[in-house]
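These notes concern the structure reproduced below.
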Amino acid sequence: MRKLALSDEILLSVQQPARYLGNEMNAVMKDPDSVDIRFAMCFPDVYEIGMSHLGMQILYAMFNKRDDVYCERVFSPWPDMDEVMRKEHIHLFALESQDPIHEFDFLGFTLQYEMCYTNILQVLDLSGIPLHAEDRKENDPIVIGGGPCAYNPEPLAPFFDLFYIGEGEVQYDALFDLYKEIRRNGGNRNDIIEAAAKLPGIYAPAFYDVTYKEDGTIESFKPNTPGIPEKITKQIVVNMDDAPYIEKPVVPFIKVTQDRVVLEIQRGCIRGCRFCQAGNVYRPLREHSLEYLKHYAYEMLKNTGHEEITLSSLSSSDYSHLKELVNFLIDEFHGKGVNISLPSLRIDAFSLDVMSKVQDVKKSSLTFAPEAGSQKQRDVINKGLTEEIILKGASEAFHGGWNRVKLYFMLGQPTETVEDMEGIALLSEKVAELYYDEIPKDQRNGKVQVVASSSFFVPKPFTPFQWAKMCTKDEFLERAYIVKHKFREMLNFKSLKYNYHEADLTVLEGVLARGDRKVASVIEEAYHKGALFDSWSEYFRNEIWMEAFETCGVDVDFYTTRERSLDEVFPWDFIDAGVTKEFLKREWKNAMDAKVTPNCRERCSGCGARVFEGGVCFENKN
């Protein structure tokens, strides 16, 4: 019987002690002495967030299918537990075995969001692992990171031995086999890291040198060791049905953010929104077959007892077999107390018909993401959504019985004018107006509620907007106030609500998203000053970060408001993500001309993703 790492006294003194217990239903238990590789997989946020992440569950299941690998989970201890662990000198431990993380062979981080970066340092620190890769000794775990933020790993480069660029199902088996072979032949930790750096998709920062120009931009980024590749090519699953999936998801003891079975129906997107990193780095769109999805839907529900299944993708409406899949789920599960959740749907007659079958219309709201208030601005970002489509969808929804609508927008985009900003309020008003104009009083389900929310625009690597300048905190807030003021002028003001994101947090995200290695010192300084759980508004302290920038002599504006030339070398240019820089430049120019680019199924735009020889690029071309 395993021994818990924490005493009853400690567990009873903190919030949600179940975060630290492990042993949940479907958690994998192995004998650590019977395996060759121990892998601690970390989501650098609280348990409830990390346990909701699909990618982590997929890799956890895949790694543990190997008899020679034991993959265990670890999350960031909440501040109350962090304080206890430091005070009592308790090392961070894995949930399954309760063994200290520093005893493992690998520590893998999923890098989902820039505002979790100080939590990565917390996990290393509490584990007793040196923060800097260059300071680690032979018995320290190899620290590897992957996920969307790995597409610009440079702000984290000093803290990681390796980064995995792309989809984890492809190269991890080769990495594990390589590790075993080198260990068998008497090789050391550095031998493993150097050999791993020659595998496709693996980046080892120590084997690359960066030089800078006088103006602070990058002059060169080159390997410093023979045999190390100049470019790292992202790894993707070409045939999605060849990839392993989850048959027995771990079922938490406590309620987590996504407390349901998640079925990934496809990967990638055809839409080409110019601000969207995921839509570019996950190209090309690749679908799972209907039979594959039926099998895993059945197995996951049977093995968990969950009462909800959600279809996961960037744009579910683009899945070719959506109608057949939804009908299967309704026929198979809807009468058995299982709810079916369908996010990322375009609102049209089909979607509304489906949702009316699987949702309580009176309790649910419909979500549209126009992203911009005017047609000109939607064309700039290549949203592919007209006001006519939005209002038609809202009209059909209202006639179907819905009376609550959420609208998502983004402020601070390139070329944005006051007219574009005020358009957010005007479009929201038109949606509310439609309800009162079209639905007779005796058929209304109460007042209409239209909630509009604005996030602030952050330029991301591998998007056409990677060249864009970003607003300052004051400029973001000024734009939000313009929108808020316009809302007050609307006739249906009482039916409208407007929210906006934190501006200072957005500016910091912008620095970390497009930062280089010089930003690493700021992350470390902020961590030492107390920055932790920065993605949680109750813990985010902007003044700590501003002091850290000043202490380290790093200029925020250099990474945010500065104009970038088309020939500038970016910190992430050594990565080949499939989409070419030439394509992104073309799209940047199209954006400046408010020119719409058709989606991938309408016409190929030559983005570069055909090189992967699969997915939408080769649909109906056999």
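Data for the structure
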item: Considering residues of region 434-448 that are assigned to a loop (DSSP other than H, G, I, E, B) and of a type in the set (D, E, K, R) only, the residue farthest from SER495 (Cα to Cα); result: ARG444
item: Unmet criterion (only one of (1) modelled with pLDDT of 95 or more; (2) open to solvent by 40 Å² or more (accessible area, probe 1.4 Å); (3) over 30 Å from LYS460 (Cα atoms); (4) hydroxyl-bearing (Ser, Thr, Tyr)) for TYR296; result: (2)
item: Identity of the residue in region 586-607, among the charged types (D, E, K, R) and either open to solvent by less than 40 Å² (accessible area, probe 1.4 Å) or not in a helix (DSSP H, G or I) (or both), that ends up nearest to VAL281 (Cα to Cα); result: GLU587
item: Some residue of region 560-581 being open to solvent by less than 30 Å² (accessible area, probe 1.4 Å), modelled with pLDDT of 95 or more, of a type outside the set (A, V, I, L, M) and part of a helix (DSSP H, G or I); result: no
item: Top-ranked residue in region 469-493 [being without any contact (Cβ under 8 Å) to a residue 40 or more places away in the chain and open to solvent by 80 Å² or more (accessible area, probe 1.4 Å); ranked as nearest to the chain's Cα centre (by Cα)]; result: LYS473
item: Counted residues, region 608-620 - those being of a type outside the set (Asp, Glu) and part of a loop (DSSP other than H, G, I, E, B); result: 3
item: Restricting region 21-47 to residues that are in a helix (DSSP H, G or I), open to solvent by 20 Å² or more (accessible area, probe 1.4 Å) and touching a strand residue (DSSP E or B) at 6+ places or on another chain (Cβ under 9 Å), the residue that is nearest to LEU92 (Cα to Cα); result: PRO32
item: Enumeration of residues in region 48-69 that are under 24 Å from LYS255 (Cα atoms) and part of a helix (DSSP H, G or I); result: GLU48, ILE49, GLY50, LEU54, GLY55, MET56, GLN57, ILE58, LEU59, TYR60, ALA61
item: Residue among SER521, SER454, SER428 that alone is crowded, with 23+ Cβ neighbours inside 10 Å, of a type in the set (Gly, Ala, Ser) and within 26 Å of the chain's Cα centre (by Cα); result: SER454
item: Selection status of ASP105, surrounded by fewer than 17 Cβ atoms within 10 Å (Cβ to Cβ), of a type outside the set (Phe, Trp, Tyr) and closer than 22 Å to PRO141 by Cα; result: no
item: Strands (runs of 3 or more DSSP E) completely within region 157-236 that count 2 or more residues being touching a Phe, Trp or Tyr at 6+ places or on another chain (Cβ under 9 Å) and open to solvent by 20 Å² or more (accessible area, probe 1.4 Å); result: 208-212, 218-223
item: Unmet criterion (only one of (1) in a loop (DSSP other than H, G, I, E, B); (2) in contact (Cβ under 8 Å) with a residue 60 or more places away in the chain; (3) more than 15 Å from the chain's Cα centre (by Cα)) for THR118; result: (1)
item: Which listed residue, of TYR70, TYR47, TYR60, is in contact (Cβ under 8 Å) with a residue 60 or more places away in the chain and in contact with a Ser or Thr (Cβ under 9 Å, 6 or more places away or on another chain); result: TYR47
item: Exclusive hit being touching a residue at least 12 places away in the same chain (Cβ under 8 Å) and not in a strand (DSSP E or B), set ALA452, ALA520; result: ALA520
item: Positions within region 395-425 being in a helix (DSSP H, G or I), open to solvent by 20 Å² or more (accessible area, probe 1.4 Å) and within 19 Å of GLU489 (Cα to Cα), in sequence order; result: VAL418, GLU419, GLU422
item: Single residue of GLU509, GLU502 found to be at pLDDT below 95, open to solvent by 10 Å² or more (accessible area, probe 1.4 Å), within 22 Å of SER537 (Cβ to Cβ) and in contact with a Phe, Trp or Tyr (Cβ under 9 Å, 6 or more places away or on another chain); result: GLU502
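This table checks each residue for (1) basic (Lys, Arg); (2) under 23 Å from ILE265 (Cα atoms); (3) part of a helix (DSSP H, G or I).
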| position | (1), (2), (3) |
| --- | --- |
| ARG346 | yes, yes, no |
| PHE350 | no, yes, yes |
| MET355 | no, yes, yes |
| PHE368 | no, yes, no |
| GLY373 | no, no, no |
| LYS376 | yes, no, yes |
| ASP379 | no, no, yes |
| GLY384 | no, yes, no |
| GLY393 | no, no, yes |
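The values are calculated or read from the model by the stated rules, or taken from the named source; none is laboratory data. All values reported here derive from a predicted model rather than from experimental measurement. Note: ideal-geometry Cβ built from the backbone for every residue, glycine included; neighbour counts use all protein chains shown. When the accessible area is computed, the model is the full protein with side chains, heavy atoms only, and any ligands, DNA or RNA have been set aside. Shrake-Rupley method; radii C 1.70, N 1.55, O 1.52, S 1.80 Å.
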